[in-house]
Amino acid sequence: MKKQTVKLMVAVASSLMAFSASAAEPCKAYVKMDLGYAKTLNTRSSGVAFIPDDKGAPVAQSFYNKPLYKDPRGLALLAGAGYAFNDAMRAEMLLGFKPKMKSSDSGLEVDTRELGADARVLYDFNNNTPVTPFIFGSLGVSSIKPKVKPDLKSLPLTDGATKRVVYVIDDQGKEVGNDAVSLSQKSKTVMTYGVGGGLSFKTSDVMNIDFTYGMAKKGNFNAMKNVGVADKDDASAVKNSGGNQSAKFKKQVDQSVTIGLRFTM
């Protein structure tokens, strides 16, 4: 009876020691939040534009791989969770939000709202110091919602004009909508893939500060469709007008620089 009691006590003690040891191990799951700035490189636009002839009638002209006056740029927000498999390998899922990526060309400004999700695989170069370099690869999707507004920086007003407006045009380049401050375009979901790296600074057992640089290629989307732009005087007489049956943004490479907090749970 005594031997059985001793064995039971030893088993319970061993179980408690094992439980205590496992409870003392740091959890490998974490959550993170990043804030930074994004700018797109090498954006090209292709589509069909309506250019007025000598009599003001719209004439369709195709254009290919036209560079923008200003590439998209704006604020970038990221939040998500991850898991460290060991001292070197991590994986994480992130939700990204870019509230307004601003670009402009040919008298029009295109603002895009982008909401995406990325899966990342990361490798940490642990060196037994508080600063750990890391690299990553990513794959994801992004839903892009463009909005078109008048712009004067990419194209000055025509002589005698006092304002610029946008409006809806048909497939022949003729106006079918009223003057507008802005026109929303259809959203498009595209694939994204990228690479990047950075430095992680360990500030405590549960918190790291991450500085991250990333580059991501994203798919093509229609930035403008059936959108016209016109310069007018105070009496609303048209001085100059044109429009796009379509304008597709492509060959876009987003680069971003962010700083974030990572909390181990």
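What follows draws every value from the coordinates through simple rules; no lab data is involved. Being a predicted model, the structure only gives us computed values, none of them experimental. In this analysis, Cβ positions are derived from the backbone assuming ideal geometry, glycine residues included, and neighbour counts consider all displayed protein chains.
Which FRET efficiency value, to the nearest 0.05, do you get for LEU77 and THR129 by plugging their Cβ-Cβ distance into 1/(1 + (r/R0)^6) with R0 = 25 Å?
Working from the Cβ atoms, E equals 0.25.
Starting with the fewest neighbours, write out SER106, SER62 ranked by other beta-carbon atoms found within 10 Å of each beta-carbon.
In increasing order of surrounding Cβ atoms, one gets SER62, SER106.
What pairs in LYS55/LYS248; LYS70/LYS100; LYS102/LYS232; LYS102/LYS174; LYS188/LYS232; LYS225/LYS251 have C-alpha atoms more than 22 Å from each other?
On the way: LYS55/LYS248 28 Å; LYS70/LYS100 14 Å; LYS102/LYS232 24 Å; LYS102/LYS174 27 Å; LYS188/LYS232 32 Å; LYS225/LYS251 18 Å.
Cα-Cα > 22 Å for LYS55/LYS248; LYS102/LYS232; LYS102/LYS174; LYS188/LYS232; rest within.
What ranking of SER103, SER46 emerges when the number of other C-beta atoms within 10 Å of each C-beta is taken as an exposure proxy, fewest first?
Least to most surrounded, the residues fall as SER46, SER103.
Within the range 224-251, what residues put their amide N at less than 12 Å from the label point 7 Å along the Cα-to-Cβ vector of ALA180?
The answer is 224-229, whose backbone nitrogens lie closer than 12 Å to the label point.
Considering the Cα positions of the range 152-246, please state its Rg to one decimal place and its Dmax as a whole number of Å.
For the range 152-246, the Cα radius of gyration and maximum Cα-Cα distance read 22.1, 68 Å.
For LYS70, what charge total do you get from the other residues with a beta carbon under 12 Å from its beta carbon, if Lys and Arg give +1 and Asp and Glu give -1?
Around LYS70, the surrounding residues sum to -1.
Mind listing which chymotrypsin sites (Phe, Trp or Tyr not before Pro) in the range 60-110 are in a DSSP loop and have 13 or fewer other Cβ atoms within 10 Å?
Hits after loop and neighbour filter: PHE85.
Name the aspartates and glutamates eligible as straight-distance cross-link partners of LYS66: C-alpha to C-alpha under 19 Å, and not fewer than 8 places from it in the same chain.
Here the aspartates and glutamates satisfying the reach criterion relative to LYS66 are ASP105, GLU109, ASP111, ASP151, ASP254.
Tell me the label only: which of [x] 6, 26, 31, 25, 11, 1; [y] 7, 25, 22, 15, 12, 9, 5, 3, 2, 1, 0, 0; [z] 6, 24, 33, 21, 10, 4, 2, 1, 0 is P(r) over Cα pairs in 10 Å bins from 0, in percent as calculated from this structure?
Correct label, based on the coordinates given: [y].
What aspartates and glutamates could a cross-link reach from LYS28, if we take a straight Cα to Cα line under 12 Å and drop same-chain neighbours fewer than 8 places away?
ASP87, GLU92, ASP205
When every alpha-carbon pair in the range 32-112 is counted, what percent end up more than 21 Å apart?
Roughly 54 percent, once rounded to a whole number.
Express in whole angstrom the spacing between the alpha-carbon centres of the range 242-265 and the range 146-218.
Each part's Cα centre sits 8 Å from the other's.
In degrees, nearest 10, range 0 to 90: what is the angle between the Cα axis of helix 2-24 and the longest Cα principal axis of the chain?
Helix 2-24 sits at roughly 30 degrees to that axis.
Express in nm, to one decimal, how much length is gained between MET93 and VAL121 on full extension, taking 0.36 nm for each residue of separation and deducting their alpha carbon distance.
Values: separation 28, 0.36 × 28 = 10.08 nm, distance 0.92 nm.
Gain on extension, MET93 to VAL121, equals 9.2 nm.
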